[in-house]
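Report on the structure given below.
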Amino acid sequence: MKKYITTAVVCFLFSSIAYSQDKGVLSGNFQTNFSVFVQDSLIGATEAASPQYGKQKSSSESWLFLNYDIKGFHLAARYDLFNNSNLLNPSGAFTGQGLGFWQLKKSIGDLEITAGSFYDQFGSGAAFRAYESRLIGTDFAIEGVRAKYKVSDDFMIKAFTGKQKGSQESRFETSPQILKGLNAEKGFTFGNGTVLSVGASTVNRTLDENTMSSLVTEINSLPLEYRFLPKYNVYIMNGYFNLAIKDFGFNGEYNYKTKESIRDNLGGLYNSNGNLLIGGVSYSKRKLGKEKKGGIGINAQYRRIEDFPFKVTPYAQLLNGIVTYQPSLSRQASYRMLARYQAPAQFTGEQGLQAELMYSFNKKMNITLNYSDIKDLDGEQLFSEQFVQLERKINRKWKGKVGLQMVTYNQAVYEGKDPNKIDNVETVTPFFEVTYKANRKNSIRFESQMLNTEQDLGSFYHGILEWNSSPHFTVALSDMININPVRIVNPTLADQVLHYPSVFVKYNIKTTSFTAAYVKQVEGINCTGGICRLEPAFSGFRFTLASQF
């Protein structure tokens, strides 16, 4: 009943304003995906992995988002549709449709008031972040009310209360738990050009009666020495800063969470407070060298997490119900082989460092070095990466990249594999890319990567040939070949050289784009915006349409 009432209210508001004498501004966007599933037992693309390979055979998702601005009012609404979709759960099928987002916002002087759905974050998002990541199906919008007050040009206070948008099983409802938050941020500018921004936040979650009842029952089933008294409320407090001094930048954030019921990596329930520490430093300088044509950039970040999962309920699984945001500390890669092994944040405990050096010799050549090292709090290696890339513009028509990546990846932790049967994945991946620009509109790009490992599924080669004709066409042909198969972690796959070919076509016309692709995709971790999840193999066709107006 709730969703029908909300839909009626939003439709009434839009229609009332649309028929008023004052003309407003209407804008929006539309996206639809359609997938056809073609079973391939050789690569594990079967009904056992995803139900769409059985009777359903296809799936679709659509989003229509509308914005309307008039007389200082901002209205927004988004219609979502899922038909037999595995976007929300890669191993499941979800069908549902309804109002996925609605919002009414008004500014009154320096005060901004929002009712309905909203996305926001405090600081880096470690204490609170409401966001959408459509490519992997997550939507953590808050439905409630929010107020922002601009005390001055460099001083902002905001507060909210509401409920998080529902999980995969109740996509168009809200979770019963209550969230509240308060954030203040102040900026300072000094005479020597130094800029400082400081902030502080507090976030509170209150459990509902049904969740508390389930917790009490579960706790009472534990041995006496492991039982504890659960609490309805948990609080996060944090403080953070960003400082820029000439060519240097510094940032830091500390978060403390009061005791709550959390789960370890095996699903066991225990009671603990938690903390999260982030620190970073950067340096950038242009016009280096005798000819003043060089430049350098250095970034380093440290993070330590201890018992800091924060969800709307201890019963939320995988990516459901996440209130905070902590992306992978590893470098985000765009090449397929270099992105095969990523390191999702381990909220029960990790500490790590990532550092990157970018040096430009001149406008035609630069080099990038990246190092990351992540361990658990007992010192066990979770992930490490060493990366080097040299980029060179040869002339007006030719440019290229060449590099090497080496990775250590704890597959038992990140993918829940049996540590007694597998070792850490060790990879060495050389790669190169070359682009030929025939004229102002046409270019051809060739990309080649060779991932070498004796663990997981073995070694892979990936090559892609892409033609771009600006502004309308993009055509790409690729193949990912399991050239040295290993079948310890997944003996159901065919013990032979496997091919994962893809054909991709994109056509743009003004603000609308169409894509069509034939895809075979290997099982593994998929990351978008630093948020990662394990996905099964895919075989079939994918079509998309996206438009803005």
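Figures for the structure shown
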read-out	value
Qualifying residue in the stretch 516-528 (condition: outside any strand (DSSP E or B) and closer than 23 Å to Ala345 by Cα)	yes
Search result, residues across the stretch 169-183 that are closer than 15 Å to Ser117 by Cβ, outside any strand (DSSP E or B) and either at pLDDT 95 or above or among the acidic types (Asp, Glu) (or both)	Glu173
Residue match in the stretch 406-417 (condition: among the hydrophobic types (A, V, I, L, M, F, W, C), touching a helix residue (DSSP H, G or I) at 6+ places or on another chain (Cβ under 8 Å), surrounded by 15 or more Cβ atoms within 10 Å (Cβ to Cβ) and at pLDDT 95 or above)	no
Breaking point among (1) in contact (Cβ under 8 Å) with a residue 60 or more places away in the chain; (2) closer than 30 Å to Leu318 by Cα; (3) hydrophobic (A, V, I, L, M, F, W, C); (4) surrounded by 16 or more Cβ atoms within 10 Å (Cβ to Cβ), for Met450	(2)
Test result for Ile219, over 30 Å from Phe188 (Cα atoms), in contact (Cβ under 8 Å) with a residue 24 or more places away in the chain and either more than 30 Å from the chain's Cα centre (by Cα) or surrounded by fewer than 16 Cβ atoms within 10 Å (Cβ to Cβ) (or both)	yes
Search result, residues across the stretch 53-92 that are under 19 Å from Val36 (Cβ atoms) and of a type in the set (Lys, Arg)	Lys55, Lys57
Hey, Leu545 closer than 20 Å to Ala48 by Cα and either hydrophobic (A, V, I, L, M, F, W, C) or under 26 Å from the mean Cα position of the chain (by Cα) (or both) or not	no
Residue in the stretch 158-168 that is loosely packed, with under 15 Cβ neighbours inside 10 Å, assigned to a strand (DSSP E or B) and at negative phi present	no
Scan of the stretch 321-339 for residues that are within 15 Å of the chain's Cα centre (by Cα) and within 17 Å of Gly403 (Cβ to Cβ), ordered by number	Ser330, Arg331, Gln332, Ala333, Ser334, Ala339
Long-range neighbours under 6 Å by Cβ, at least six apart or interchain, first residue under 16 Å from Gln31 (Cβ atoms) within the stretch 508-522, second assigned to a loop (DSSP other than H, G, I, E, B)	Asn508/Pro471; Asn508/His472
Members of the stretch 304-336 found to be under 21 Å from Leu135 (Cβ atoms), among the aliphatic types (A, V, I, L, M) and surrounded by 22 or more Cβ atoms within 10 Å (Cβ to Cβ), listed by number	Val323, Leu329
Strands (runs of 3 or more DSSP E) completely within the stretch 83-146 that count 3 or more residues being buried (at least 16 other Cβ atoms within 10 Å of the Cβ) and among the aromatic types (Phe, Trp, Tyr)	94-108
So Lys401, is it surrounded by fewer than 21 Cβ atoms within 10 Å (Cβ to Cβ), farther than 29 Å from Arg487 by Cβ and without any contact (Cβ under 8 Å) to a residue 40 or more places away in the chain	yes
Subset of the stretch 283-303 [assigned to a strand (DSSP E or B) and either crowded, with 20+ Cβ neighbours inside 10 Å or of a type in the set (D, E, K, R) (or both)]	Lys285, Arg286, Lys287, Arg303
Residue match in the stretch 353-374 (condition: basic (Lys, Arg), free of Cβ contacts under 8 Å to residues at least 40 places away in the same chain and assigned to a strand (DSSP E or B))	no
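The values are calculated or read from the model by the stated rules, or taken from the named source; none is laboratory data. As the structure is a prediction and not an experimental result, all values here were calculated from the model. Every residue, glycine as well, gets a Cβ built from its backbone with ideal geometry; the counts of neighbours run over all protein chains shown.
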